[in-house]
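Undergrad: The structure is given below, and queries will be raised subsequently.
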Amino acid sequence: MALELDPATRGHLDKAVQNLAAEFRGIFSRETIDRFVGESFERLEGARIADFLPVLVYRFSRERLLALGQAEGSIAKHVPEVLFVCVHNAGRSQMAAALLDNRAKGRVHVRSAGSAPAGTVNAAVVNAVEELGIDMGQEFPKPLTDEFVQAADVVITMGCGDACPIYPGKRYEDWEIDDPAGKSLEEVRPIRDEVDERICALLGELVSTREPAGAEA
């Protein structure tokens, strides 16, 4: 990484590279991992939770490397991959990802991203989802990357227009759902419930297509 960083941040990022190099040994070179961490740091610099930036960079880099490995076939995919995309990755896509992850219980792997990510997740969205017993405290807006799209089996867009690249062999859907930005908790609850209904239908389709014939419900 050819970034101008203070010693503490540099140390954290070097540690992230070291840990990721160990995890992805034999799949990606240290040079590739170093590049991904540097790029991820630059793309997340606008996050308003700067105190945790090295941790977010590590998590974002790890998810990007995992997605790249899946797209290239060097890392196996054991369950369907679903990607939710909106503009800021602060409301609808975060909500949908949290709800699907909770309901799927490991039967689906979920990612979310934004074409122009915000600094933090919408507080009303966090509170509305937490009312269902789902903790979103560790979530943060993430930039849309090519690896995320390539690794996905299903891509759900929510008001981000043509920002999402199109790759053959994937299922694309656009969900027309109200944007929770600027809305109160009371106004966000109906949006949450609509998203949850769509999530339940999507999960039923994804799980049923993977169950062997004759399997019990």
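The values are calculated or read from the model by the stated rules, or taken from the named source; none is laboratory data. Everything quoted here is computed from the prediction, not taken from an experiment. Because the Cβ atoms are built from the backbone with ideal geometry, glycine has one as well, and the counts that use them run over all protein chains shown.
Undergrad: Please enumerate the residues belonging to the stretch 68-89 that are surrounded by 22 or more Cβ atoms within 10 Å (Cβ to Cβ), at pLDDT 95 or above and part of a loop (DSSP other than H, G, I, E, B).
TA: Those that are surrounded by 22 or more Cβ atoms within 10 Å (Cβ to Cβ), at pLDDT 95 or above and part of a loop (DSSP other than H, G, I, E, B): none in the stretch 68-89.
Undergrad: Looking only at the stretch 106-116, decide whether some residue is charged (D, E, K, R) and crowded, with 19+ Cβ neighbours inside 10 Å. Please lay out each step first, then the result.
TA: Taking the stretch 106-116 first, the residues charged (D, E, K, R) are 107, 111.
Still in the running and crowded, with 19+ Cβ neighbours inside 10 Å: 111.
Yes: the stretch 106-116 contains one or more residues that are charged (D, E, K, R) and crowded, with 19+ Cβ neighbours inside 10 Å.
Here is a yes/no grid of residues against (1) of a type in the set (D, E, K, R); (2) surrounded by fewer than 18 Cβ atoms within 10 Å (Cβ to Cβ); (3) in the same structural domain as Gln70 (by TED's automatic domain parsing); (4) out of contact with any strand residue (DSSP E or B) (no Cβ under 6 Å at 6 or more places or on another chain):
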| position | (1), (2), (3), (4) |
| --- | --- |
| Gly137 | no, yes, no, yes |
| Thr145 | no, no, no, yes |
| Gln150 | no, yes, no, yes |
| Gly169 | no, yes, no, yes |
| Arg192 | yes, no, no, yes |
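Undergrad: For Ala104, which of the numbered conditions (1) free of Cβ contacts under 8 Å to residues at least 60 places away in the same chain; (2) under 19 Å from Val155 (Cα atoms) fails to hold?
TA: The number of the failed condition is (1).
Undergrad: Being modelled with pLDDT of 95 or more, on the phi < 0 side of the Ramachandran plot, assigned to a helix (DSSP H, G or I) and outside the structural domain of Gln138 (by TED's automatic domain parsing) narrows it down to one of Phe36, Phe41, Phe28, so name that one.
TA: Details: Phe41 fails: modelled with pLDDT of 95 or more; Phe28 fails: assigned to a helix (DSSP H, G or I).
Going through Phe36, Phe41, Phe28 in turn, the sole match is Phe36.
Undergrad: What pairs come out if I take residues in the stretch 120-133 that are within 22 Å of Leu44 (Cα to Cα) and pair them with residues that are among the polar types (S, T, N, Q) whose C-beta lies under 9 Å away, six or more apart or interchain?
TA: Cβ pairs passing all conditions: Val121/Asn89; Val121/Gln94; Asn122/Gln94; Val125/Gln94; Val126/Gln94.
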